[in-house]
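Reading through the structure tokens given below for one structure.
The values are calculated or read from the model by the stated rules, or taken from the named source; none is laboratory data. It should be emphasised that the depicted structure is a prediction, and the values quoted were computed from it without experimental measurement. Neighbour counts run over all protein chains shown; Cβ positions are idealised from the backbone, glycine included. Accessible surface areas use protein heavy atoms only, side chains included; no ligands, DNA or RNA. Shrake-Rupley method; radii C 1.70, N 1.55, O 1.52, S 1.80 Å.
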Amino acid sequence: MRNVYLDYSATTPVKEEVLQEMLPYFTEKFGNASSLYTPGLIAKQGLDKAREQVAALIGAEPREITFTGCGSESDNWVLLGVADKLKDKGNHIITTVEEHHAILHTCDYLEKHGFEFTYLGVDGEGRLDPEELEKAITDRTILVSVMMVNNEIGTIHPIKELAAVAKKHKILFHTDAVQALGNVPIDVKDLGVDFLSMSAHKIYGPKGVGALYTRKGVKIPNYLHGGAQENGKRAGTENTAGIVGFGKAAELAKEHLEEHIAHSTALRDYLAERIRAEVPDCFINGSMEHRHPGNLNVTFKYIEGESILLLLDQFGICVSTGSACSSKSLKPSHVLAALGISDELIHGTVRFTVGDFTTKEDIDYTVDCLKMVVSRLRELSPLTPKEAR
Ligand SMILES: *Cc1c(COP(=O)(O)O)cnc(C)c1O
């Protein structure tokens, strides 16, 4: 049986070049980067190089990059850090209804500690209006946090315009760029953001490594306390092998960005075209114009996305329903709900994300299986109208 992985937004396989770069740091280069003898310096050199590689991918300076344990940690750190630092100035934070749970659940936590939130809404295509941000700002606003690319429907948000609005009011601006990294060009100086979250495992690097860009001159309290690792900003012995892998993955992402975008877009569009032509009673969610190059989010009427996922798995095909984080809960996706889609239709939604190892044959096989699966499920579903059977 064929194995087709179409869930690149959940995680990506580690590229061979990345793995090869990492391996020596488990064995001969195992030193603690804080140690002053030679093996320590060798480990430290690995970290320094990775910091340059990650910085280069987003147009930052190496000292503006702090490695963390994951993208979620970077998101938590910014919200909790800014809230703590500026609590005497204000208690209002602006974010959006489309954020990842790493942001939304941190907001829930802060709400219990007296902070207030405005969640900017989106239009039917998942797009934000920078004017809505302007209107939401109060003299108690201390932070604006808007994701660059949505993980479920792939919407690309106008971060430069939004950051300019925040800057005009002297408010700090954070963007969760975990889905954007390696999929859209990023230049932090041009964007004008103060903080930017990243994660290695979404760009063909290892799991359990993230980074936070903090603009030079901006300082927030530490999130992890202890040793003086990461220029005193994040305690804990560095995950040297993981960080070195992140660096290599960032270097490859920068080198192959255009190629990657062209490859993903072509296959994603081909998938969309075949589904539109060959599968009846379905629609695509989110803007096609301002979209992650590999993302396709489709609602299939009358049936359940979970059932589609499980039957496709029988054919060796991996897709997701919404985001991996919500797939184990029965709550309908908050992102699709924000688009105004009914709960019933949300439950019929599947996310396909293609990536560097996807081939045209993979897409053909997937559509062939999908057609069988959808028509089978519709035959069994009491919701299917007679004419659609
Ligand atoms: C995956 C993801 C995260 C979390 O990153 P981890 O490294 O898995 O913690 C945060 N935000 C977005 C948009 C993501 O897609």
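Within the range 1-148, the proportion of C-alpha pairs whose separation exceeds 28 Å stands at 43%. At a probe radius of 1.4 angstrom, the accessible area of the range 161-245 per residue rounds to 37 square angstrom. Annotation for Glu161 and Lys207: the two label points, set 7 Å from Cα along the Cα-Cβ direction, are 3.8 nm apart. Straight-line cross-link reach from Lys87 at under 20 Å between alpha-carbon atoms covers these aspartates and glutamates, not counting any fewer than eight positions away in the same chain: Asp75, Asp108, Glu111, Glu116, Asp139, Asp194.
Dipole check for the chain: with +1 at the C-beta of Lys and Arg, -1 at the C-beta of Asp and Glu, and the Cα centre as origin, the magnitude is about 800 Debye.
In order along the range 87-94, the phi-based Karplus estimate (6.51 cos²θ - 1.76 cosθ + 1.60, θ = phi - 60°) of 3J(HN,Hα) comes to 4, 7, 7, x, 10, 10, 10, 10 Hz; Gly and Pro are listed as x. Translational diffusion of the range 91-172, estimated by Stokes-Einstein from the Kirkwood radius over alpha carbon pairs at 20 °C in a medium of 1.002 mPa s, is 166 µm² per second.
For Leu120, the residues 5 or more places off, or on other chains, whose built amide H falls under 5 Å of its own are Thr95, Thr96, Val97.
The H on the amide N of Asp129, modeled in the peptide plane, is under 5 Å from the matching H of no residue at least 5 residues off or on a different chain.
A full extension of the chain between Leu380 and Val279 corresponds to an added length of 34.7 nm, given 0.36 nm per residue minus the alpha carbon distance.
Carbon-plus-sulfur accessible fraction, the chain (probe radius 1.4 Å, protein heavy atoms only): 54%. Does the range 340-389 come out rounded, prolate or oblate by the C-alpha gyration tensor, with a ≥ b ≥ c the root eigenvalues, rounded set by a/c under 1.5 and, if not, prolate when a/b is larger than b/c and oblate if not? Here the range 340-389 falls in the oblate category.
Orientation-averaged projection of the range 164-286 equals 10.7 nm² [convex hull of Cα atoms, one quarter of hull surface area].
Rolling a 1.4 Å probe across the protein heavy atoms gives the range 1-136 an accessible surface of 47 Å² per residue. Taking 7 Å steps out from each Cα toward its Cβ at Glu259 and Asp139 produces label points 5.6 nm apart. One compactness figure for the range 266-372 is 1.00, namely its Cα radius of gyration divided by 2.2 N^0.38 Å. Each residue, Gln20 and Asp269, gets one label point 7 Å from its Cα in the Cβ direction; the gap between the two is 3.3 nm. Rounded to the nearest 20 debye, the dipole size of the range 137-239 about its Cα centre is 300 debye, using +1 on the Cβ of Lys and Arg and -1 on the Cβ of Asp and Glu.
With the biggest extent put first, the Cα atoms of the chain measure 72, 54, 33 Å across the principal axes.
Summarising the amide proton neighbourhood of Leu143: residues at separation of 5 or more, or on other chains, whose placed amide H is nearer than 5 Å comprise Ile94. From its DSSP helices (H runs of at least four residues, each -39,500 (n - 2.57)), the chain gives a residue-normalised ellipticity at 222 nm of -12500 deg cm²/dmol. Calculation over all alpha carbon pairs of the range 111-235 in 10 angstrom steps from 0 returns a P(r) of 11, 38, 37, 13, 1 percent.
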